[in-house]
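Comments concern the structure below.
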Amino acid sequence: MKYLHYSIGLLLLVSCASVYKSRKPVPLDQACIEKIQPPGITTSWYTTYVDVVGRHISGLLLIKQMPDSSKRIVFTNEAGVTFLDFRFAANGTFEVKQVIKQLNKKPVILTFRKDFELMLGIPFRKGISQAWLQDGEVYYGASQKKETAYFITTPDCASLRRMELGSRRKKKVTVSLWGNDLSAPDSIQVKHYTFNMVIGLKKIER
C-alpha cells in the first residue's frame, strides 16, 4: 500500500511538472524576429481534415486575403456545404460569418478560432515580449491573458520549427508548417495536446 501511495504521488508530481521548466531566458534577437516571425498565410486553397475525439470531417479550406486587410477562413465539404466561415479583421476583431449547427458551440468556435489565429500568426502582431532557450531551440513568446503564443526557431535562426500555444505549465497546441514559402506553405498540421484533435491541410496547386 505504501508503494502504491508513493507511485501515485510520483505520477502526480510528474504530471504537474511544467513542460517549460528547463527553459532559460535569452536576449531578444530583433534581426531573427524580423527574419523568421510567421508572416501569416496569404490566399491559398487546402484539402483539409479534422480528426477530433473519434470523429472525422474533411473538405476544402480557403484562406483568403481580403482587400480591407482582413482574412477569411472558409471550410466546406466536397459538395460545397459550408462548415464554417470566419473573419479575422486587421484590428484583431473576430467574426463568425457562418457555422453549421453541429459546430455552433462556444467552446468549439473558440478552439477553431485559436487554432486559426496561431496558424495565421495573429498573436505575434502585437510584438514579442520575451525569448527563451530550451532543448536546443529558441522560443519567442507573445503573452495573451493566461496563455503564451510562441514561434520556435533553431538557435542560429536558420529556420522556423513550429508555432505553439501554451499555458504556464502545459503545451496546448502546435502548428507545424512545411514548404519553402511560409506565406503559402505546402502543408500544415495543427495538433492539440490537452485532448485528441488534429487538423491536417495540404495545399492545392491552382
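Only helical DSSP H runs with n ≥ 4 go in: add -39500 (n - 2.57) per run for the chain, normalise by residue count and round the 222 nm mean residue ellipticity to 500 deg cm²/dmol. Don't skip to the answer; put the middle values down first.
Numbers: 3 runs with 36 residues, N = 206.
Calculated at 222 nm, the ellipticity per residue is -5500 deg cm²/dmol.
A crude spin-label estimate for the pair residue 204 and residue 158, with each label 7 Å from Cα along the Cβ direction, gives 3.6 nm.
The HN-Hα couplings worked out from phi for the stretch 123-129 by the Karplus form 6.51 cos²θ - 1.76 cosθ + 1.60 (θ = phi - 60°) are x, 8, 5, 7, x, 9, 8 Hz, whole numbers, x standing for Gly and Pro. Shown is the FRET efficiency for residue 167 and residue 34, computed with R0 = 35 Å from the Cβ-Cβ distance and rounded to the nearest 0.05: 0.80.
Dividing the Cα radius of gyration by the Kirkwood radius, what Rg/Rh value follows for the stretch 72-141? The Rg/Rh ratio comes out at 1.11.
Protein heavy-atom accessible surface, 1.4 Å probe, per residue over the chain: 58 Å². The gain in end-to-end length when the residue 56 to residue 110 segment is fully stretched comes to 17.6 nm, 0.36 nm per residue minus the alpha carbon separation.
Taking every alpha-carbon pair under 8 Å whose residues sit at least 6 apart, the chain reaches a relative contact order of 22 percent. With 29 Å as the limit, the listed pairs 35/106; 71/105; 146/191; 35/203; 35/146; 24/203 have 35/106; 24/203 beyond it between alpha carbons. Carbon and sulfur together cover what percent of the accessible area of the chain at a 1.4 Å probe radius? The C+S portion of the solvent-accessible surface of the chain is 55 percent.
Could you calculate the contour length gain from residue 95 to residue 65, that is, 0.36 nm times the residue separation minus the distance between their Cα atoms, to one decimal place in nm?
On the way: separation 30, 0.36 × 30 = 10.80 nm, distance 1.51 nm.
Between residue 95 and residue 65, full extension yields 9.3 nm more.
In this rough spin-label picture, where each label sits 7 Å from Cα along the Cβ direction, the residue 102-residue 143 distance is 4.1 nm.
When the Kirkwood radius is taken over all Cα pairs of the stretch 71-206, what Stokes-Einstein diffusion coefficient follows at 20 °C and 1.002 mPa s, in µm²/s? All intermediate terms of the calculation are to be shown ahead of the outcome.
Numbers: Rh = 16.1 Å.
This corresponds to a translational diffusion coefficient of 133 µm²/s.
So which aspartates and glutamates pass the test for residue 126, namely a Cα distance under 17 Å, with those fewer than 8 places away in the same chain ruled out? Result set, ordered by chain and number: 29, 34, 117, 147, 164.
In the Gaussian network model of the chain, springs joining C-alpha atoms below 10 Å, which of 107, 39, 185 carries the largest mean-square fluctuation? With Cα springs under 10 Å in the chain, the top fluctuation among 107, 39, 185 is at 107.
The values are calculated or read from the model by the stated rules, or taken from the named source; none is laboratory data. Note that the structure is a prediction, hence the values are computed from the model and not measured. For neighbour counting, all protein chains shown are included, and Cβ atoms are generated from backbone atoms with ideal geometry for every residue, glycine included. When the accessible area is computed, the model is the full protein with side chains, heavy atoms only, and any ligands, DNA or RNA have been set aside. Shrake-Rupley method; radii C 1.70, N 1.55, O 1.52, S 1.80 Å.
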